[in-house]
Amino acid sequence: MAQILAPSLQCQMKITSTTTNAASPITTKMWSSLMFNQKRRGLTKNASKFKVMVVKSENGTINRMENLLNLDTTPFTDKIIAEYIWIDGTGIDMRSKSRTISKAVKSPADLPKWNGSSLGRAPGEYIEVIRYPQAIFKDPFRGGNNILVLCDACTQGKPMPTNKRYNVAQIFNNQKVIHEIPWYGIQQEYTLLQSNVKWPLGWPIGGFTGPQFPYYCAAGADKSFRRDISDAHYKACLYAGINISGTNGEVMPGQWEYQVGPSVGIEAGDHVWCSRYILERITEQSGVVLSLDPKPIEGDWIGAGCHTNYSTKSMREEGGFDVIKKAILNLSLRHKEHISAYGEGNERRLTGKHETADINTFSWGVPNLGCSIRVGRDTEKEGKGYLEDRRPSSNMDPYVVTGLLAESTLLWEPTLEAEALAAQKIKMKV
């Protein structure tokens with residue numbers, strides 16, 4: 001049963017007793033779709049109280065598990081629960097486990113590292129993995145002072161191959177990058193699948209829906225599927241302290257998107273990874289499968305991407321459009337390097353159709369959605385702003401994408417000859 005606990009709120013659900021002709025008791029599936037009425041109470045700053053009224057289960061017994069899950073331990077102990085989260089050996093999936101911490105903490109530096117065997121969670125077999133806390137967020141599932149802890153994972157004194165954060169941190173610690181204050185806005189698309197058949201929600205099992213475009217930002221039971229998951233995720237991220245900035249239904253039925261940012265530097269990757277973990281937990285509780293496959297349905301159906309908006313201090317200031325065009329030239333010269341790091345299965349999505357550019361050809365335009373790099377009308381008009389990299393797939397590693405953008409546009413310098421040839425090739429006046 002999905003429940004998202006709001007900050008400093010007391011949540012209460014009352015089921016009114018009626019006559020013997022009343023409707024059947026609320027089922028688990030129905031429960032997960034209900035929205036809680038929220039009322040603010042005079043609570044302390046750091047403590048939250050959570051309450052859900054007991055509901056009769058289908059067999060008429062009291063579901064006492066809810067009482068235990070909603071226990072607020074704050075008045076009884078200073079100890080908190082820290083959920084340590086890390087990226088496993090696949091580079092896509094996330095793992096986590098819980099430990100007790102003696103008191104509330106304010107910084108990752110206040111937390112201990114944690115070791116454990118890999119058992120398939122890292123490349124190789126039976127390798128010890130050390131998890132180093134790097135970012136903390138409030139835990140929307142347990143509430144109170146409990147936290148989610150995003151970790152670096154290392155083996156044998158070195159970062160795991162799938163631990164991209166470690167090396168990317170070196171890029172964002174470069175003084176030139178720090179001076180330019182890189183901003184990122186990441187648009188994470190995802191698809192919700194039926195758990196028993198791994199087929200998108202809203203689709204007939206083994207069949208297809210009508211034309212896909214009526215579903216974009218739509219309302220209605222025949223066009224919007226599991227909005228409650230999207231809304232629950234939105235609120236949970238806000239509670240956790242993730243810089244989520246919006247959400248919407250996408251073009252294909254069963255597909256949604258949320259946006260994270262603007263975030264500075266490595267924080268963008270931290271927030272996207274933690275937001276994915278929260279979404280995975282919510283879909284788990286809802287009995288729905290989360291897919292980050294860039295092309296969940298083959299054929300004439302839109303894929304799922306992770307468009308990344310990017311700007312630097314120089315791009316946002318007067319004359320910034322010239323800086324943006326110089327950055328686009330650099331990105332064109334490193335197109336292959338970026339594509340190889342922008343997600344698995346991306347070749348199935350970047351076909352030149354469905355608002356994508358062909359994977360083998362670099363392009364840019366104002367405000368062309370079918371280009372590798374899109375520049376908005378407002379940016380062109382105002383002569384400053386940002387660019388949108390539309391190439392990353394939905395399963396991309398946000399550390400890799402944000403780090404590559406900073407490296408290619410701020411630290412990597414092509415020769416003048418290569419730059420001139422690139423400008424000619426992509427028809428750019430510089």
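The values are calculated or read from the model by the stated rules, or taken from the named source; none is laboratory data. These figures come from a predicted structure and were not determined experimentally. Every residue, glycine as well, gets a Cβ built from its backbone with ideal geometry; the counts of neighbours run over all protein chains shown. Surface accessibility is based on the protein's heavy atoms, side chains included, excluding ligands, DNA and RNA. Shrake-Rupley method; radii C 1.70, N 1.55, O 1.52, S 1.80 Å.
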Q. Would it be correct to say that residue 341 is closer than 19 Å to residue 269 by Cα, open to solvent by less than 10 Å² (accessible area, probe 1.4 Å), touching a residue at least 40 places away in the same chain (Cβ under 8 Å) and not basic (Lys, Arg)?
A. no
Q. Can you tell which of 415, 379 is more than 21 Å from the chain's Cα centre (by Cα) and crowded, with 21+ Cβ neighbours inside 10 Å?
A. 379
(Q) Suppose we keep only residues that are aliphatic (A, V, I, L, M) and free of Cβ contacts under 8 Å to residues at least 12 places away in the same chain within segment 209-226. Which one would you say is least open to solvent (accessible area, probe 1.4 Å)? (A) 219
Q. Can you tell me which of 206, 246 is small (Gly, Ala, Ser) and either part of a loop (DSSP other than H, G, I, E, B) or buried (at least 18 other Cβ atoms within 10 Å of the Cβ) (or both)?
A. 206
Q.
Out of everything in segment 227-248 that is of a type outside the set (Val, Ile, Thr), touching a helix residue (DSSP H, G or I) at 6+ places or on another chain (Cβ under 7 Å) and touching a residue at least 40 places away in the same chain (Cβ under 8 Å), what residue ends up being farthest from residue 270 (Cα to Cα)?
A. 232
Q) On the given criteria, is residue 384 modelled with pLDDT under 95 and either among the charged types (D, E, K, R) or surrounded by fewer than 21 Cβ atoms within 10 Å (Cβ to Cβ) (or both)? A) no
Q: Hey, can you tell me all the residues within segment 258-269 that are open to solvent by 10 Å² or more (accessible area, probe 1.4 Å) and under 9 Å from the mean Cα position of the chain (by Cα)?
A: 259
Q: Determine whether residue 171 is closer than 25 Å to residue 246 by Cβ and β-branched (Val, Ile, Thr).
A: no
Q) What number goes with the only condition from (1) modelled with pLDDT under 90; (2) surrounded by fewer than 15 Cβ atoms within 10 Å (Cβ to Cβ); (3) β-branched (Val, Ile, Thr) that residue 77 does not pass? A) (1)
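Every residue, every condition in (1) in contact (Cβ under 8 Å) with a residue 12 or more places away in the chain; (2) part of a strand (DSSP E or B); (3) open to solvent by less than 30 Å² (accessible area, probe 1.4 Å), yes or no:
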residue: 162; (1), (2), (3): yes, no, yes
residue: 167; (1), (2), (3): yes, no, no
residue: 184; (1), (2), (3): yes, yes, yes
residue: 191; (1), (2), (3): yes, yes, yes
residue: 198; (1), (2), (3): yes, no, no
